[in-house]
Amino acid sequence: VAVSPSPTDQIKSGVEFQDQLISWASCESDFECATVAVPLDHLNPADQIIEIALIRKAGTENLTPLLINPGGPGASGFDYVRDSYETLGTDQLRSNFQLVGFDPRGVGRSAPVTCTDENVKDQVYYEESGFPLGSDDDFAFSKDVLERFAASCQEKGFDVAFFNTQQSARDMDLIRAALGVEKLDYLGFSYGTELGATYIALFPDRVGKFVLDGAVDPTLSSAQGTVNQVAGFDKAFRSYLKDCLANSACPFTGNVEQSL
């Protein structure tokens, strides 16, 4: 059986990115996997090439493709479709669409970013500066830790400056072309809604059915988005406590304020 050249080999042989042929192969027990070649920098496509990993359920090749992103940013759409397929959406959705998961650039199987200093990563997530919150010393501590962590993520692999939402949205359009559809159908959760909204802004004439679940407001700064998310978590936890405390089996006691 003749095997098609890899996506990268196709591009290097002179095939345009949008004209590459996608080759699905059996993988992960009852699934099929493939990759699509994309330029590291869509504004300079003659430079470096990376490949984006895709997965779909075996036997769904005749259904309309529906690209899926679970959010994060940094969550694996490949793992999400593989691990959650039987509970992803409804029977009707799975019967009518070819659910295609993908790892966005820098994630999982798609030219993953590798950060080499795990100790600094732990500092970013868990260590407190010891200074008053919001003070100059507190900001200086955070800035130093974040800069060292970012530097540790640039020691191996591709230039991480190109791992961003706009480049990923452009990757999605090449996935659309490789799947052979004129308009992209898409399901995105959380950060996946920002990715979907970016695609809509870049390619409005190529938008099919889009569902953006748990929409992120792209007009907010990352700092304000974090504040809003913390407030949302607090509200959700308080709602949980209120419901739990009304149940005799609840592990908490007292009222909501006492249980926080």
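Structure summary
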read-out: Antiparallel bridges, percent of DSSP beta bridges restricted to region 47-173 (to nearest 5); value: 40
read-out: Gain in span if fully extended, residue 257 to residue 25, counting 0.36 nm per residue against the direct Cα distance; value: 78.0 nm
read-out: In region 102-164, trypsin sites (Lys or Arg not before Pro) in a DSSP loop with at most 12 other beta-carbon atoms within 10 Å; value: 156
read-out: Rg to Rh, two decimals, where the chain supplies the alpha carbon set and Rh follows Kirkwood; value: 1.03
read-out: Dipole in debye (nearest 20) - the chain, about Cα centre, beta carbon charges: Lys, Arg +1; Asp, Glu -1; value: 680
read-out: Packing rank of 188-201, 246-259, where each peptide gets the mean count of other beta carbons within 10 Å, highest leading; value: 188-201, 246-259
read-out: Sequence ranges 35-45, 126-136, ranked by mean other-Cβ count within 10 angstrom, highest first; value: 35-45, 126-136
read-out: Antiparallel DSSP beta bridges within the chain, percent to nearest 5; value: 55
read-out: Amide H contacts of residue 23 (H built 1.01 Å from N, under 5 Å, at least 5 apart or other chain); value: 35
read-out: Global geometry of region 144-260, whether rounded, prolate or oblate, following the gyration tensor of its Cα atoms and the 1.5 cut on a/c; value: oblate
read-out: Accessible area per residue in Å² at 1.4 Å probe, computed on region 1-95; value: 52
read-out: Region 43-160: equivalent-ellipsoid semi-axes (sqrt of 5 x gyration tensor eigenvalues, Cα, Å); value: 38, 19, 11
read-out: Carbon/sulfur fraction of accessible area - region 94-152, other protein chains in place, 1.4 Å, %; value: 53
read-out: log₁₀ of I(q)/I(0) at q = 0.13 Å⁻¹ - region 115-193, Debye sum with one point per alpha carbon; value: -0.65
read-out: With Cα atoms, 0 to 90° folded angle of helix 136-152 axis to the chain main axis; value: 30
read-out: Å³ per residue enclosed by the Cα convex hull of region 51-115; value: 81
read-out: Under 25 Å, Cα to Cα: Lys pairs in the chain, sequence gap 8 or more or different chains; value: 7
read-out: Protection-proxy order for peptides 55-67, 232-244, 162-174, 20-32, each taking the mean of Cβ atoms within 10 Å per residue, highest first; value: 162-174, 55-67, 20-32, 232-244
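The values are calculated or read from the model by the stated rules, or taken from the named source; none is laboratory data. Model, not experiment: these values are computed from the prediction. FYI the Cβ positions are ideal-geometry reconstructions off the backbone, even for glycines, and counts take in every protein chain you see. Just the protein is used for accessible areas: all its heavy atoms, side chains included, with ligands, DNA and RNA removed. Shrake-Rupley method; radii C 1.70, N 1.55, O 1.52, S 1.80 Å.
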